[in-house]
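The values are calculated or read from the model by the stated rules, or taken from the named source; none is laboratory data. These figures come from a predicted structure and were not determined experimentally. Ideal geometry is used to build each Cβ from the backbone, glycine not excepted, and the neighbour counts take in all protein chains shown. Heavy atoms of the whole protein, side chains included, go into the accessibility calculation; ligands, DNA and RNA do not. Shrake-Rupley method; radii C 1.70, N 1.55, O 1.52, S 1.80 Å.
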Amino acid sequence: PCDCVKILSKRNKLNFANVPEEFKNLKVGEFETEIYAVEDSREAARSAKKWAIEYVKKFDIFSQNGKGLYFYSTEKGSGKTRLMISVGNALINMYGVSVRFITANDLLDNIRFSFNKSKEEGEKDTYEALMNDFKIIDVLMLDDVGTERPSDWVNEVFYSILNDRMTHKKVTLFTSNCDLDSLPYSGRITDRIFKMALPVK
C-alpha cells in the first residue's frame, strides 16, 4: 500500500481504539518520571517506563505468548492509564495491531445493556457479538480493573472474556489500584490475569 493508505489505516485504528481525546497523541518516551515528589515514586515510575519501552520493542515476542502488562498502584492519578495508553498508541503505530481501550465498569455496563436488549428484543446475537468483540480484539486495554462491585455475574463475564483471550493468546493490558492479590475476583480470574500479564508497579 502507498504511504497515504498506511496513514489512513493507522488513523482509523487510532479512532477505533476509543482512547480519550487527551491521551490520543501520548508517547511512551514522553512519560515524565521526575514530576513525582517522592524518590520511591520516581524510581517506580522510571522502572514502569523502562518496562513499557522494552515491551513495545519486543512486542513480537510478548504477543506470541499472549503476554500483556498489569500496571498497578495504590495511588490514584499516578500515571497508570497514561502509560498504558502510550503503549497502546505505540503498538498501533509500530505494529499496526487493532487496539481497544475501555474501563472495566464501562465494559460491564455495555455488556449488561446488550444482554438486557437481547432479552427484550429477542436478539440474542447482540450480547454474543459484543462479548466476541472483546474476546477477539488484538490488544484490549482494560482500565481501572477491580473498581467494580463484585458479584457472580461480574466474575462470569470477566472469566469468559479473559479465559478466551488467554486460550487464544490475545494480549491484554490492565491498570488497577490493586495488586493482583487484592483484586476482588474469584481465584480463577486472578490466576488468569497473572498468567496473561506481567505486573508493573
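Select from the range 147-165 the residues that are in contact with a strand residue (DSSP E or B) (Cβ under 9 Å, 6 or more places away or on another chain), closer than 18 Å to Y72 by Cβ and open to solvent by less than 30 Å² (accessible area, probe 1.4 Å) and list them in ascending order.
Hits for the range 147-165 are F158, L162.
When you check M141 against the structure, is it among the hydrophobic types (A, V, I, L, M, F, W, C), touching a residue at least 24 places away in the same chain (Cβ under 8 Å) and open to solvent by 60 Å² or more (accessible area, probe 1.4 Å), yes or no?
No, not satisfied.
Yes or no: the range 166-175 includes at least one residue that is more than 15 Å from the chain's Cα centre (by Cα) and open to solvent by less than 50 Å² (accessible area, probe 1.4 Å).
Among the residues of the range 166-175, not one is more than 15 Å from the chain's Cα centre (by Cα) and open to solvent by less than 50 Å² (accessible area, probe 1.4 Å), which makes the answer no.
Among what's in the range 32-83 and is open to solvent by 100 Å² or more (accessible area, probe 1.4 Å) and aliphatic (A, V, I, L, M), pick the residue that is modelled with the lowest pLDDT.
I35
Only one of these is crowded, with 17+ Cβ neighbours inside 10 Å, farther than 28 Å from K57 by Cβ, in contact with a helix residue (DSSP H, G or I) (Cβ under 6 Å, 6 or more places away or on another chain) and of a type in the set (G, A, S): S86, S114. Name it.
Residue meeting the stated conditions: S114.
For (1) in a helix (DSSP H, G or I); (2) more than 21 Å from L26 (Cα to Cα); (3) at pLDDT 95 or above, each residue gets a yes or a no:
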residue: I92; (1), (2), (3): yes, no, no
residue: V97; (1), (2), (3): no, no, no
residue: D106; (1), (2), (3): yes, yes, no
residue: I111; (1), (2), (3): yes, yes, no
residue: N116; (1), (2), (3): yes, yes, no
residue: T126; (1), (2), (3): yes, yes, no
residue: A129; (1), (2), (3): yes, yes, no
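Hey, among the residues in the range 191-201 that are open to solvent by 30 Å² or more (accessible area, probe 1.4 Å) and in a helix (DSSP H, G or I), which one's farthest from V87 (Cα to Cα)?
This residue is D191.
For the structure I just gave you, tell me whether T172 is touching a strand residue (DSSP E or B) at 6+ places or on another chain (Cβ under 6 Å), of a type in the set (S, T, N, Q) and either assigned to a helix (DSSP H, G or I) or at pLDDT 95 or above (or both).
Here the answer is yes, as T172 does meet what is asked.
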